[in-house]
1. So which of 377, 421, 391, 467 is in contact with an Asp or Glu (Cβ under 9 Å, 6 or more places away or on another chain), basic (Lys, Arg) and closer than 30 Å to residue 163 by Cα?
2. Filter the helices (runs of 4 or more DSSP H) completely within segment 408-472 down to those with at least 1 residues that are in contact with a Leu (Cβ under 8 Å, 6 or more places away or on another chain) and in contact (Cβ under 8 Å) with a residue 40 or more places away in the chain.
3. Starting from residues that are among the hydrophobic types (A, V, I, L, M, F, W, C) and in a loop (DSSP other than H, G, I, E, B), keep the ones in segment 93-147 and report whichever is nearest to the chain's Cα centre (by Cα).
4. Which one is farthest from the chain's Cα centre (by Cα), of the residues in segment 316-350 that are more than 25 Å from residue 472 (Cβ to Cβ), in contact (Cβ under 8 Å) with a residue 40 or more places away in the chain and open to solvent by 10 Å² or more (accessible area, probe 1.4 Å)?
5. What is the one condition in (1) assigned to a helix (DSSP H, G or I); (2) open to solvent by less than 40 Å² (accessible area, probe 1.4 Å); (3) of a type outside the set (Asp, Glu) that residue 254 does not satisfy?
6. Look through 406, 381, 371, 420 and report the one residue that is surrounded by fewer than 15 Cβ atoms within 10 Å (Cβ to Cβ) and acidic (Asp, Glu).
7. Of (1) loosely packed, with under 15 Cβ neighbours inside 10 Å; (2) in contact with a His (Cβ under 9 Å, 6 or more places away or on another chain), residue 362 satisfies all except one. Which?
Amino acid sequence: MQIGVICVRATREPALLTSPCLVAPDDQGGDSCSMSSTRTLRPAGLTGGAMVRRAYTQRSLIEVLLPDSDKLWDPILRQIDALLDDDVLVDRIAEALARRHPQSRRRGRLGTPAAVVLRMLVLKHLHDWSFDECEREVRGSLVYRAFCRIDGERVPDAKTLIRLARLLDEPVLKDVLARLVALGRARRLIRGRRLRLDTTVVETTIHYPTDATLLADGVRVLTRTLRRVGERVRERTRSVARRVFEIAQRSRTAGNRVSAAVRERSKAKMKVLYQGLMRITRAVLRHADAAVTRARERHPATPLPATIELVRRVLAQTRARVLRGETHYPGKVVSLFEPHTEIIRKGKLARPTEFGRLVKIQEAEAQFITDYEVCGRGQTDRALWAPALDRHIALFGHPPHLAVADGGFASRTNERAAQDRGVRHVVLPRQPHEKRSRLARAALRWRTGSEGRISALKRRHGLRRCRYRGESGMQRWIGLGVIANDLLVLGRAGP
């Protein structure tokens, strides 16, 4: 029985790869693979010495070793795999990866291919995995290796994927989403005849904010940062923790369920504890201010100034809320680690107050999300209506026949804005239920489907709480979750 030999010859040129040739030994037992049979290939999508790859050049022998490997695939995942074989999508991701450093296109070692980055991030948000879980699942599954176009290559580790994911900002994700809209139109899944809007809150990863815990966070973060830059700082953790704990204990007897005398004593004691906590915070702030100049000389990129400004804002709002009784303080800071977090009240019984960002979800037919937006601070639902119509027209080239939203978007101005843009039927519930027409009732019943789509986004794709850091992380978390949802819709619809 003769066994084939795998011969791999590498050239000395760093930008060239040598393909293996599968040969059988000759009658004399020699190897028939010669220099003339060795083919040199350039990586796909590369010219010259480019370091940003679109995909790996060679596929492994997994498909040869497992002839029935196609039976392991989920049918929906197979459809998503075919959708991601789109040159426009891969080129857009490759362009984003090339902006990592000024000379990323020409210098350095070969990076992770754009197709691998896109597919691993899609797989991660399809299943709401962490980066570590994504790395582990892809490494241990032949199907996921084939889906991510890795096959026999090394799987990128979690830290590499985190660094590369940060390059996919809002414009990149919006372009990817627009391309999926174009693919949905090409498959006649969506036509842009209907439009429905809704908003939801995506929470940030923070603890419940109180004035005491925010001051304690400020002391802890400033002390830790000062020590990292070489400053000698007094340890105040125990004194701060003791005051925070006692404030929490006293707050239980400062409500309306106790007598007035007990309530007043608790509030007076809490005010004394807060004054001591603020005194410690001011001392740490003075130390940090004195150390800023020295730290800049040794560590130019120190985060001290930004942290000092946030702690000063926390001190100011604590002074106004606790000492002066101004509970409605504008521009409250609710987290030192996610300072873009807002306090949002949407009238829910289970969650009357939420801490995160307001997100607009815009849908067409077939529960396909055509656009999203992380709303600015204090932005109302009514202000989102006209930009949503303009975005729909830009994506489809024509206004929708039906545009519907809930009562938060309802106003005469918004109705006129939709009519001026050519929308035939505008349903914004401003009148009582008894006075609504049959068409309006049917449109509002269709609008309630957006609640189910938002619930699916939160349960399946993790939009209940953002696990990425910062405002850019929020944009990336929402965008990748929406893209995963649309790919799932396209995959279920079939070819």
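The values are calculated or read from the model by the stated rules, or taken from the named source; none is laboratory data. No experiment lies behind these values; they were computed from the predicted model shown. Positions of Cβ are backbone-derived with ideal geometry, glycine not excepted, and every protein chain shown enters the neighbour counts. Accessible surface areas use protein heavy atoms only, side chains included; no ligands, DNA or RNA. Shrake-Rupley method; radii C 1.70, N 1.55, O 1.52, S 1.80 Å.
1. 377
2. By residue number, 438-447, 449-460.
3. Among them, the one singled out is 129.
4. 323
5. So the condition that residue 254 fails would be (1).
6. Being surrounded by fewer than 15 Cβ atoms within 10 Å (Cβ to Cβ) and acidic (Asp, Glu) holds for just one of 406, 381, 371, 420, which is 420.
7. Among (1) loosely packed, with under 15 Cβ neighbours inside 10 Å; (2) in contact with a His (Cβ under 9 Å, 6 or more places away or on another chain), residue 362 violates only (1).
For every residue, the table says whether it meets (1) within 29 Å of residue 340 (Cα to Cα); (2) modelled with pLDDT of 90 or more; (3) of a type in the set (Val, Ile, Thr).
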site: 201; (1), (2), (3): yes, yes, yes
site: 204; (1), (2), (3): yes, yes, yes
site: 207; (1), (2), (3): yes, yes, no
site: 214; (1), (2), (3): yes, yes, no
site: 219; (1), (2), (3): yes, yes, yes
site: 279; (1), (2), (3): yes, yes, no
site: 282; (1), (2), (3): yes, yes, no
site: 287; (1), (2), (3): yes, yes, no
site: 297; (1), (2), (3): no, no, no
